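Read through the structure below, which is laid out as structure tokens, and then see the notes.
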């Protein structure tokens, strides 16, 4: 559908666009971010420095960015999808080169008020690209092999680049989000069944080969997988954090110890208390009630997005909205699983709550797209 | 592209179905997260709250026992004994200064240790234990235990510490361990968690450092519950570590101790190598030091004494020291000449006491000259002119190649620190390193093991073993790891004509068995154990023409550091070589006087596997030898027991 097909006349223009924003979604986002400010204030021992204040400024910038993205017609974003994707790939290559020159660790580009990680940006631009792709592709071609392999390659390219950094968490998120997009677009389920069974088969083969002559991995690689799967076997590495995290969480009980009453010294065991492990502070101080409330807010955001996606008749808008919702879901689902000892520790932040700019900014851009789709939906 | 409304509708409906499916899955997952939260925070809340309030789960590493070191007969060279230390957990102590002042009233605290503990405390997180006193005795431990209630955060801990029962005898063979330092940690890319344990001992020097991976073992871990003061309430579970591998060395402790004693107070080195397996039976460097001093942390005064000693007790001269081999190198030149077909057994050279080479006069050690000399006599009497002449015909490149074939100027892979490569120079080397052409005079110097030529005592022993056996013997220091025998250094046959080797060996035999040989005074009488050897005296200074005219100054009249090095290499028994020996006495004077007697005594000790009978010595030396044996016996307290206390 080209933008000519949108019933442009019925789309609100000028400042009237703000009236057509999905306001409940904006309020939900603000309340989640509010929880984040509260927790960062608490983790710092009752102080806006060093985390809460910059986080609030960033969220302010994020809101403005979201509104800016939102007022731009959605068909512009669709036309820009391929460009955005290509640009992100270039950025990924660029940080790799800069990183190589600067002795390794640089994975970001300094924008002054925040450090932009192209790998984070890719989470949104890939969703945009796939949405645009399936908007353009005629329905009967969707499940033809050539038209299935093309998006697979578009997903694998950035994934492999991110994997090289190495950033396993982001790579996994990209794969799952990309696969999810293909599933939503209606690619025949047999492809997914084939990939899943091949994946399971490969994993089984790798583990079966252990100790035999045709061993597929080196011994030390197996040992790394062991620690990855069972952190308890590495009691001073990952397992240590999980134990401490579970104690903090569990000691919260029903209603928690109260705001700022969490035993901060204990959380000193966690090196990432203001980023990846911030949920433990919430769960300790506000207990099960607090934890489940945040989870509910997250679920509501996801549901709202799915609802707006289904309500619009424009394919690109629906796909982008669903993709953003899926990415958002993956953020909090992986982070919470990790903190609660259900998944290995990979560096994924709690969306809009964890301290940090990149993840928040790309999520705000994503929600900007959702808003744009909502404002400019065909009526 | 315009699409039919029908197609649009069907794809939209399909997407709707899938979106609902995926949304459902997401909801289900969120539900599972909620259930998990409930399980942790409601169902198990009491247990976790208890853990959090009263107890803490703490994970403690169990350091593995470091692998032991044995000699070839099973005598202990390095082992571990329990030692007690006191640690403080600052977080549990609260007022650290108060607790430490209370502690200092109970036991004696070293100010240096306290200072170090203070800096460590400032840098590490407050829950990590920090050592405040190390190597304390059991009495102090009990004092602390009795006063425990007044000392929150203080715990006595038992650990293992390294002990070297053989003391100085093996200091150079195995090196020593010491507490891991920041410097050590910086050099390691991915440090083992064990290294984070304060005062954990790792190999610092020598075999202890080189075989660190084998010796260290793997850490175990235990999960313990500790109460609010940091005391362990109970152990929840434990995973045993893996102790380090025990290493058996090729060295014979008895012989090593004898050699070390025989070298005595000289600045010297001696190596005994097994001609069958390449096993280093003894590898001694004198003077030595007590490695146990370093394990505890050596005092500044002791350390200064070691570093300021001009005999350099900290240097392992047997592998790190490189010396011009002097006349012990002549076998190499001779063999190179024989192999190149340039000389035969009967060819002679006339020695007038010097040789003019491109306008410069090269002297023989015997100013009057040796007259007509053949190969046999050239080695027996160590004639220099014969070798100047021969070397000019053979050329440096062939000599250098032969030296490398015999193990000089090449690195031997031994697990010791800073094993020297030595130097067997050739044209290429000089142009690379000096940018100069090789001069003919350089060849003449190299022919008699002077000039650029440098070898370590260990390399000389390897050279001798290779000459004796005709095989490319490689030295071996580690005999077995955890009772798994390591590959021997027996080596493949050298690609050298056996006849030529025999001629060189026969010449070496005459050195210490012919009345006119340079080491005749240091011969072995016992027929089964006849020795073949070669003396060497290497200059450490240039003798100018003016000096020579004034008469060469005798070594005795020179300051110690300008005297010649004394060298001797030998193998025995002559017909069936068992051991090859190399002795270097730094600035000892002439090889035949200063080095040969030591080498002979060591050779006999090795051959007899203990004190040799006086009958093996020339009859007029026997009284002197008897006195010497008695003196050494008194000086080596362990020797009387003859290794009966072996583990």
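The values are calculated or read from the model by the stated rules, or taken from the named source; none is laboratory data. A quick note: this is a predicted structure, and the numbers were derived from the prediction, not measured. Cβ coordinates were reconstructed from backbone atoms using ideal geometry, including for glycine residues, and neighbour counts include every protein chain displayed.
In this entry, residue B:128 is excluded by the filter for residues that are farther than 21 Å from residue B:62 by Cβ and out of contact with any strand residue (DSSP E or B) (no Cβ under 6 Å at 6 or more places or on another chain). Against the conditions (1) under 18 Å from the mean Cα position of the chain (by Cα); (2) surrounded by fewer than 16 Cβ atoms within 10 Å (Cβ to Cβ), residue A:190 satisfies every one except (1).
Taken together, A:320, A:339 contain a single residue that is crowded, with 22+ Cβ neighbours inside 10 Å, at pLDDT 90 or above and more than 9 Å from chain B (Cβ to nearest Cβ), which is A:320. A search for C-beta distances below 6 Å between a residue of the stretch A:188-208 that is closer than 29 Å to residue A:219 by Cα and any residue that is outside any helix (DSSP H, G or I), counting only pairs 6+ apart in sequence or on different chains, returns A:206/A:216. If the condition is being in contact with a helix residue (DSSP H, G or I) (Cβ under 7 Å, 6 or more places away or on another chain) and within 10 Å of chain B (Cβ to nearest Cβ), then the stretch A:280-293 contributes A:283, A:284, A:287, A:288, A:290, A:291, A:292. Quick one: in the stretch B:605-622, of everything that is within 25 Å of the chain's Cα centre (by Cα) and in a helix (DSSP H, G or I), which residue is surrounded by the fewest Cβ atoms within 10 Å (Cβ to Cβ)? Taking the candidates together, the pick is B:607.
When B:594, B:627, B:582 are screened for being within 20 Å of residue B:462 (Cβ to Cβ) and either free of Cβ contacts under 8 Å to residues at least 40 places away in the same chain or surrounded by 21 or more Cβ atoms within 10 Å (Cβ to Cβ) (or both), only B:582 passes. Counting only helices (runs of 4 or more DSSP H) wholly contained in the stretch B:139-247, the ones carrying 1 or more residues that are at pLDDT 85 or above and touching a strand residue (DSSP E or B) at 6+ places or on another chain (Cβ under 9 Å) occupy B:171-174, B:206-210, B:212-216. Reported count of residues in the stretch A:342-356, each being crowded, with 24+ Cβ neighbours inside 10 Å and within 18 Å of residue B:32 (Cβ to Cβ), is 2.
For (1) closer than 21 Å to residue A:42 by Cβ; (2) assigned to a helix (DSSP H, G or I), each residue gets a yes or a no:
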residue: A:288; (1), (2): yes, yes
residue: A:305; (1), (2): no, yes
residue: A:317; (1), (2): no, yes
residue: A:320; (1), (2): no, yes
residue: A:335; (1), (2): yes, yes
residue: A:348; (1), (2): no, no
residue: A:358; (1), (2): no, yes
residue: A:367; (1), (2): no, yes
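Reported count of residues in the stretch B:75-103, each being modelled with pLDDT of 90 or more and touching a helix residue (DSSP H, G or I) at 6+ places or on another chain (Cβ under 9 Å), is 4. Residue count for the stretch B:345-376, restricted to those that are without any contact (Cβ under 8 Å) to a residue 40 or more places away in the chain and closer than 28 Å to residue B:497 by Cα: 8. Of the helices (runs of 4 or more DSSP H) lying entirely inside the stretch B:294-376, those carrying at least 3 residues that are closer than 25 Å to residue B:426 by Cβ, touching a helix residue (DSSP H, G or I) at 6+ places or on another chain (Cβ under 8 Å) and in the same structural domain as residue B:586 (by TED's automatic domain parsing) are B:330-339.
When the criteria are applied in full, residue A:50 meets the requirement of being assigned to a loop (DSSP other than H, G, I, E, B) and within 30 Å of residue A:283 (Cα to Cα). Scanning the stretch B:1-45 for residues that are outside any helix (DSSP H, G or I), facing another protein chain (nearest Cβ under 9 Å) and under 30 Å from residue A:137 (Cβ atoms), we see that the one that is modelled with the highest pLDDT is B:3. The set of residues from the stretch A:81-95 being surrounded by fewer than 16 Cβ atoms within 10 Å (Cβ to Cβ) and out of contact with any strand residue (DSSP E or B) (no Cβ under 9 Å at 6 or more places or on another chain) comprises A:83, A:86, A:87, A:90, A:93.
If we keep just the residues of the stretch A:323-336 that are more than 9 Å from chain B (Cβ to nearest Cβ) and within 13 Å of residue B:19 (Cα to Cα), which is nearest to the chain's Cα centre (by Cα)? For the stretch A:323-336, the residue satisfying everything is A:324. Kindly indicate whether any position in the stretch A:269-279 is closer than 21 Å to residue A:52 by Cα, assigned to a helix (DSSP H, G or I), within 7 Å of chain B (Cβ to nearest Cβ) and modelled with pLDDT of 85 or more. Checked the stretch A:269-279: no residue is closer than 21 Å to residue A:52 by Cα, assigned to a helix (DSSP H, G or I), within 7 Å of chain B (Cβ to nearest Cβ) and modelled with pLDDT of 85 or more. For residue A:231, the requirement of being at pLDDT below 70 and more than 18 Å from residue A:44 (Cα to Cα) is met. I'd like the full set of residues that are part of a helix (DSSP H, G or I) and more than 27 Å from residue B:215 (Cβ to Cβ), limited to the stretch B:120-138. Correct list: B:121, B:122, B:123, B:138.
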